[in-house]
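The values are calculated or read from the model by the stated rules, or taken from the named source; none is laboratory data. A quick note: this is a predicted structure, and the numbers were derived from the prediction, not measured. In this analysis, Cβ positions are derived from the backbone assuming ideal geometry, glycine residues included, and neighbour counts consider all displayed protein chains.
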Amino acid sequence: MLERLRRWLSELRVDPARTSLAWGIALTQGLVVLIVLGGISFYAVARLHDLADEQGKARVQLAGARARENLRRMGEDALSSVRAIADRATLARLIDENRPEALEPILKRACDSESIDACAVFEGSMLLAQSGAAVPWNQVLAASSEQTQSFLAVPVQASAPVLGAWALLPERPLARIYIVRLLDERLAATLSRQVGVQIRLVNYRTFTSAPVDALTSLHTTGLADGTSAVQRIKSLDLYAASFPVFAASGEAIVLIEARLPATEIDNSAGRLIRRVFTTALILAALAVLAGVLLGQYVAAPVQALTQAAQRLGQGDFSTSIPTGGAAEVGTLARTMEDMRRNLVDLTGTLRRSEAEAQAVLAGIVEGVYAVDRNRIIRYLNPQAARLLGVAPAQAVGRFCGDVLKPRTAADGTRPCEVSCPILLARTAGTARAVEHLQTGSREARTAIITSSDMVEGLQVQVMRDETELEAVRRARDSVLANISHEFRTPLAAQLASIELLRDGLTTLEPAALQELVLSLERGTLRLTRLIDNLLESVRIESGQLGLRRQSVEIGGVIEEAQSLIASLLSTRRQNLEVNLPSDLPLISGDRTRLTQVFVNLLANANKFAPEGSTLRIGAEAHDRDVTIWVEDEGPGVLDSDSRAIFERFGRGAEEEPEPGGLGLGLWIVRSIIERHGGSITMTRTEGGRTRFNVSLPCEAPE
């Protein structure tokens, strides 16, 4: 409708922007009234059609239900009538006298009524007498035997289904009297007069073999429902209802078809619709006229206010606001003048406040962002943008969960859905949560988000990046747990050895005492090595590890390391084979630190190699460096862990044969080797042995 009006205005070459206020108000008011009345009218028309359709269906359904009820009452009346006839003593007497020829006149008089079409008297299965319309009594007798005294049947040879009843004659247990009524067109006409609409009685037997017509689907639906069906048959322009009637045995007998012409409903609805449209047009015309008068009254002072408002909108706050017109217009003019003055003051204040807020938000360390009621980001300071790895322009206008990308829970739920601090703050006043965010660089960041309550449609959140602090906490907890575990194991063993030594100091053999002392020595050496590794890692981390460079012979370093590790090797019955060339060049380095390197490598090999196996140390010289290797028969580590084992607190994924260490030994080895300008790697030999290769630069010739 709006599109048609626009085209009509364009054809008249009317520019709405240049139309006067009076005509604008008139046209707008008329258009609004037309739209409202049109919408109401179209809705009312649709509802009237729906109501009319419902009324038509209700009328025809009610008529069909009444017809079926009347048919049921006819069955009850037939049962009452047959009982009254059976009570006549004359019938019993004539049967006793064996005078069947005298029964027919009596039956004719007894059954001569509009509610009875035929009647008969049976002695067992033998027909004694009958009266009325021709009925295949043997089929009726068979159908009645499957039902009660009131029955329905659809005989094959009958012209229509029948409704009937039977009763026993007094003192004659084999004598019965039957009366029936044909469910034919005459009965349909009677039912039509009773219910007020046209009624047809459709024989179910002929319906199943009849060709498909417009009413077939209706009757089929009624039979499927078992109760009734109602439709508007557009091809026949009528409302129709179908009510199936079943015998007591469950057999379908007849279909009651109720018809109501659709024109009866449509004509009454059409008259009401025409009245609705006429009323709508009259009201629209009155609304246009009232709009013209109102526009002329309001136009002049409003035009003056419009011009002043245009100047204010252009930033000319020196413009004065004209007064005049109606009381409301005068109030509006004074209000606009007060607004103009307030705008002058407020603009200056806002500019100063904005500059101060921007300076504060840009200067703080934490990230700050603000969201609206729908959790859409409306502001993002530079610190928050850097933390999230996005540009402020990319984040503003997006859902905060899509920008922060908090890590989902194990069951797949997002924190935004179950534990959002923004939503919690709206009820509690403030909320705080630790979130693991996926930033723009895909690096997981840990942030503490503190959310305030909503103020004037905005809610401010402060983010503090605690990724490094959390990593430090995890490392601290891991180190403390490992240290406690590593110290507890040798201390427990030493305590057990001391208790055994104390209890058996005077009773044990010298060999047993020596074994206990050696156990204490091994535990002490292990604790000493752990403490040395811890102190060494602290020195390396703080940058205090210094090297006292001197000329170092590799053979002497290996011998010193072998003597320090000898007790550990003997404990696990392991051998150490040393195969060093005699012409190895000297190394420029710290002898003590290099000895510590090979002590850690041999201790590591001792730990992972099987008991009774052989450890090997070899070396070879190159042009500018010397490679020394330590081999053992241990399982080694996965290729993916070959680098991780040289990291601080790093250990392989395989299960260790002894309680796990701190993961510092190989890291210290790598740190010392790298400070000497060398490198260390781990490989697997062709024979399936684990080999650590240490490469150290040779001493420069003088």
Matching residues in the stretch 691-702 - criterion: being among the small types (G, A, S) and at pLDDT below 85:
A700
Filtering the stretch 538-590 for residues that are part of a loop (DSSP other than H, G, I, E, B), touching a helix residue (DSSP H, G or I) at 6+ places or on another chain (Cβ under 7 Å) and either surrounded by 16 or more Cβ atoms within 10 Å (Cβ to Cβ) or at pLDDT 80 or above (or both) leaves a count of 5
In the stretch 591-618, which residues are modelled with pLDDT under 90, more than 13 Å from V552 (Cβ to Cβ) and among the hydrophobic types (A, V, I, L, M, F, W, C)?
V599, L601, L602, A603, A605, F608, A609
So which of E146, E104 is within 23 Å of R205 (Cα to Cα) and at pLDDT below 90?
E146
In this structure, does I449 turn out to be modelled with pLDDT of 80 or more, over 30 Å from G313 (Cα atoms) and of a type in the set (A, V, I, L, M)?
yes
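A quick yes/no check of all residues on (1) buried (at least 19 other Cβ atoms within 10 Å of the Cβ); (2) at pLDDT below 75; (3) in a helix (DSSP H, G or I); (4) not assigned by TED's automatic domain parsing to the domain that holds A370:
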| residue | (1), (2), (3), (4) |
| --- | --- |
| A384 | yes, no, yes, no |
| A425 | yes, no, yes, no |
| V434 | no, no, no, no |
| R442 | no, yes, no, no |
| Q459 | yes, no, no, no |
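Rundown of residues vs (1) in a loop (DSSP other than H, G, I, E, B); (2) buried (at least 20 other Cβ atoms within 10 Å of the Cβ); (3) among the hydrophobic types (A, V, I, L, M, F, W, C); (4) out of contact with any Cys (no Cβ under 8 Å at 6 or more places or on another chain), yes/no style:
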site	(1), (2), (3), (4)
I95	no, yes, yes, yes
N98	yes, no, no, yes
L103	no, yes, yes, yes
I106	no, no, yes, yes
L127	no, no, yes, yes
Would it be correct to say that I265 is in a helix (DSSP H, G or I), in contact with a Gly (Cβ under 9 Å, 6 or more places away or on another chain) and assigned by TED's automatic domain parsing to the domain that holds T206?
yes
So S150 clears everything in (1) more than 25 Å from P105 (Cβ to Cβ); (2) surrounded by 15 or more Cβ atoms within 10 Å (Cβ to Cβ); (3) without any contact (Cβ under 8 Å) to a residue 40 or more places away in the chain except one condition, right? Which one?
(3)
Is one or more of the residues making up the stretch 164-184 surrounded by 16 or more Cβ atoms within 10 Å (Cβ to Cβ), in contact with a Lys or Arg (Cβ under 8 Å, 6 or more places away or on another chain), part of a strand (DSSP E or B) and hydroxyl-bearing (S, T, Y)?
no
Counting only residues that are buried (at least 21 other Cβ atoms within 10 Å of the Cβ) and among the small types (G, A, S), which one in the stretch 61-74 is farthest from the chain's Cα centre (by Cα)?
A67
Exactly one of (1) farther than 20 Å from G250 by Cα; (2) assigned to a loop (DSSP other than H, G, I, E, B); (3) in contact (Cβ under 8 Å) with a residue 40 or more places away in the chain is unmet by L91. Its number?
(2)
A395 - would you say it is of a type in the set (A, V, I, L, M, F, W, C) and modelled with pLDDT under 75?
no
Taking V254 as meeting all but one of (1) over 51 Å from the mean Cα position of the chain (by Cα); (2) without any contact (Cβ under 8 Å) to a residue 40 or more places away in the chain, write down the number of the exception.
(2)
Before we move on, is P421 at pLDDT 75 or above and surrounded by 11 or more Cβ atoms within 10 Å (Cβ to Cβ)?
yes
Within the stretch 212-239, the residues that are surrounded by 14 or more Cβ atoms within 10 Å (Cβ to Cβ) and not in a strand (DSSP E or B) are L215, S217, L218, H219, T220, T221, G222, L223, S228, L236
Confirm whether N138 is among the polar types (S, T, N, Q) and closer than 26 Å to P105 by Cα.
yes
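Matching residues to (1) among the small types (G, A, S); (2) in contact (Cβ under 8 Å) with a residue 12 or more places away in the chain:
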position	(1), (2)
E146	no, yes
P155	no, yes
A167	yes, yes
P173	no, no
R193	no, no
I199	no, yes
N203	no, yes
P211	no, no
H219	no, yes
Could you go through the stretch 253-275 and let me know if any residue there is closer than 30 Å to V121 by Cβ and loosely packed, with under 14 Cβ neighbours inside 10 Å.
no
Please work out if G688 is modelled with pLDDT of 75 or more, within 17 Å of D625 (Cβ to Cβ) and surrounded by fewer than 15 Cβ atoms within 10 Å (Cβ to Cβ).
no
